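The values are calculated or read from the model by the stated rules, or taken from the named source; none is laboratory data. Not measured: the values here are computed from a predicted model. All Cβ positions, even for glycine, are placed from backbone atoms using ideal geometry, and neighbour counts span all protein chains on display.
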Amino acid sequence: LKPGGRMVIPEGDSDEVQRLNLIEKDAQGKIRTTELLPVRFVPLLRE
């Protein structure tokens, strides 16, 4: 992640409720993680 960059990722087991996290890296290289909200990602499958 470059300085000034942001990344949003789900964290946790895929078979449970996960947490959506915002990860930011400031100009000095310090990383900050903020928990945004609970989510559940499910696989997209063809039928």
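Kindly indicate whether any position in region 7-26 is assigned to a loop (DSSP other than H, G, I, E, B) and in contact with a strand residue (DSSP E or B) (Cβ under 6 Å, 6 or more places away or on another chain).
Yes - at least one qualifying residue is present in region 7-26.
Can you pull out the residues in region 10-23 that are modelled with pLDDT of 95 or more and exposed (fewer than 15 other Cβ atoms within 10 Å of the Cβ)?
Arg19, Leu22
Can you tell me which residue among Leu22, Leu44, Leu36, Leu1 is out of contact with any helix residue (DSSP H, G or I) (no Cβ under 9 Å at 6 or more places or on another chain) and free of Cβ contacts under 8 Å to residues at least 12 places away in the same chain?
Leu44 is the lone residue from the list that is out of contact with any helix residue (DSSP H, G or I) (no Cβ under 9 Å at 6 or more places or on another chain) and free of Cβ contacts under 8 Å to residues at least 12 places away in the same chain.
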